[in-house]
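Colleague: Quick one: the structure is below, questions incoming.
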Amino acid sequence: KSLSRSSVRSRMALKPPKAYNSLQKGALIWDPKPLQVKKIFEALKKGLNEYLEAHQAELDYLSGRHKDTKRNSRLAFYYDLDKQIRSVERYIRKLEFHISKVEELYEAYCIQCRLRDGATNMREAFSLSPATKASRESLVELYRNVQECTEDMCFIEGALEVHLGEFHVKMKGLVGFARLCPGDQYEVFVRLGRQKWRLRGKIETDDSQTWDEEEKIFIPNLHEKFEIKVTELRGLATILVGVVTCDSSSFFSPKPQAIVVDITELGTIKLRLEVLW
């Protein structure tokens, strides 16, 4: 292979081993999902570039004010602007490095994917040929190559997840018009993989809503979607209102996003969230 396992992993910034116990040698590894990884990569790169453009515009604006201030000799304000410019420049360099690292990881992932596809096709071709000692040896070697490529892809997926950032999810309340009455109590359960957020709310007499929690931080991953379940609490009984899933690929944006989710099939009850990446 053009990229060996050792060379790939030595250049990947992986999470601590404890978080990747399923990827230890000899352990069962999951099946990579190249299409999903491509979708998240494109959304991530788009969001990072939007961040970069916004900070570059801020730098251009500050640089223009910096020149004007220098001509007017307002030294205190001049030095304050200088500090701001240096801070923005440092952040831009970090963003550029972040983008280059993400592109490097995805390029290595695509190489391993192509190698795995080639080894898989060759293995299928050898399996259809007459069984000989040479063909059996080739099948064993090709099987090993497929396993190694698959394992490399899983490790790169883990390394890419490190660069996905955080989702700050804020509860904005339920919308239900006639379905929501004063005194009604609801429980909202949000899950992303192993990360869970359970909160309870009540409809007050003035139609306002009170919730025991307002914000939760989720660490995005490549394969899991947000699962949202809403139940109505009636004494000791609970009534399921609805369960929905949300794809997180659209959340990679520098601006806070208002999300409205239809909890019931007809949309009679909706959940309002705000997501900041």
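Colleague: Is it true that Glu215 is over 14 Å from the mean Cα position of the chain (by Cα) and open to solvent by 80 Å² or more (accessible area, probe 1.4 Å)?
Modeller: yes
Colleague: From (1) surrounded by fewer than 19 Cβ atoms within 10 Å (Cβ to Cβ); (2) assigned to a strand (DSSP E or B); (3) not acidic (Asp, Glu), pick out the condition that doesn't hold for Val230.
Modeller: Of the numbered conditions (1) surrounded by fewer than 19 Cβ atoms within 10 Å (Cβ to Cβ); (2) assigned to a strand (DSSP E or B); (3) not acidic (Asp, Glu), the odd one out for Val230 is (1).
Colleague: Within segment 43-53, can you find the residues that are farther than 14 Å from Lys94 by Cα and either buried (at least 18 other Cβ atoms within 10 Å of the Cβ) or at pLDDT below 95 (or both)?
Modeller: Of everything in segment 43-53, those that are farther than 14 Å from Lys94 by Cα and either buried (at least 18 other Cβ atoms within 10 Å of the Cβ) or at pLDDT below 95 (or both) turn out to be Ala43, Leu44, Gly47.
Colleague: Do we find that Gly118 is open to solvent by less than 50 Å² (accessible area, probe 1.4 Å), of a type outside the set (Ser, Thr, Tyr), modelled with pLDDT of 90 or more and outside any helix (DSSP H, G or I) in this structure?
Modeller: No.
Colleague: Going by what's in this entry, would Phe177 be described as in the same structural domain as Ser208 (by the TED database) and modelled with pLDDT of 95 or more? Outline the logic, then answer.
Modeller: Working: in the same structural domain as Ser208 (by the TED database): yes; modelled with pLDDT of 95 or more: no.
Here the answer is no, as Phe177 does not meet what is asked.
Colleague: To continue, here is another question. Would you call Leu105 under 30 Å from Glu53 (Cα atoms) and open to solvent by less than 60 Å² (accessible area, probe 1.4 Å)?
Modeller: Considered against the rule, which asks whether it is under 30 Å from Glu53 (Cα atoms) and open to solvent by less than 60 Å² (accessible area, probe 1.4 Å), Leu105 comes out as yes.
Colleague: Condition first: assigned to a helix (DSSP H, G or I) and either in contact with a Ser or Thr (Cβ under 8 Å, 6 or more places away or on another chain) or under 30 Å from Arg114 (Cα atoms) (or both). Can you find one or more residues in segment 169-177 that meet it?
Modeller: Yes, segment 169-177 contains a residue that is assigned to a helix (DSSP H, G or I) and either in contact with a Ser or Thr (Cβ under 8 Å, 6 or more places away or on another chain) or under 30 Å from Arg114 (Cα atoms) (or both).
Colleague: Just to be sure I understand, how many residues within segment 190-217 are in contact with a strand residue (DSSP E or B) (Cβ under 7 Å, 6 or more places away or on another chain) and part of a loop (DSSP other than H, G, I, E, B)?
Modeller: 4
Colleague: Next question, about the same structure. State yes or no: is Arg200 at pLDDT 95 or above, open to solvent by 60 Å² or more (accessible area, probe 1.4 Å), more than 22 Å from the chain's Cα centre (by Cα) and farther than 19 Å from Gln257 by Cβ? Outline the logic, then answer.
Modeller: Numbers: at pLDDT 95 or above: yes; open to solvent by 60 Å² or more (accessible area, probe 1.4 Å): yes; more than 22 Å from the chain's Cα centre (by Cα): yes; farther than 19 Å from Gln257 by Cβ: yes.
So Arg200 passes the test.
Colleague: Please name all residue pairs, on different chains or six or more residues apart, with Cβ atoms under 9 Å, provided the first residue is in segment 191-207 and is within 19 Å of Asp247 (Cα to Cα) and the second residue is among the polar types (S, T, N, Q) and open to solvent by less than 10 Å² (accessible area, probe 1.4 Å).
Modeller: Leu192/Ser248
Colleague: Further, regarding this structure: Let me spell it out: the conditions are (1) exposed (fewer than 15 other Cβ atoms within 10 Å of the Cβ); (2) at pLDDT below 95, and Cys246 meets all of them except one. Which number is the exception?
Modeller: (1)
Colleague: Follow-up question, since we're still on this one. Would you mind telling me which numbered condition in (1) out of contact with any strand residue (DSSP E or B) (no Cβ under 6 Å at 6 or more places or on another chain); (2) exposed (fewer than 15 other Cβ atoms within 10 Å of the Cβ) Ser253 fails?
Modeller: (2)
Colleague: Six or more apart or on different chains, Cβ atoms under 8 Å: show the pairs whose first residue is in segment 139-153 and farther than 17 Å from Tyr109 by Cβ and open to solvent by 80 Å² or more (accessible area, probe 1.4 Å) and whose second is of a type in the set (A, V, I, L, M) and assigned to a helix (DSSP H, G or I).
Modeller: none
The values are calculated or read from the model by the stated rules, or taken from the named source; none is laboratory data. Everything numeric here is computed off the predicted structure, so don't read it as measured data. Cβ atoms come from the backbone with ideal geometry, glycine included; neighbour counts cover every protein chain shown. Surface accessibility is based on the protein's heavy atoms, side chains included, excluding ligands, DNA and RNA. Shrake-Rupley method; radii C 1.70, N 1.55, O 1.52, S 1.80 Å.
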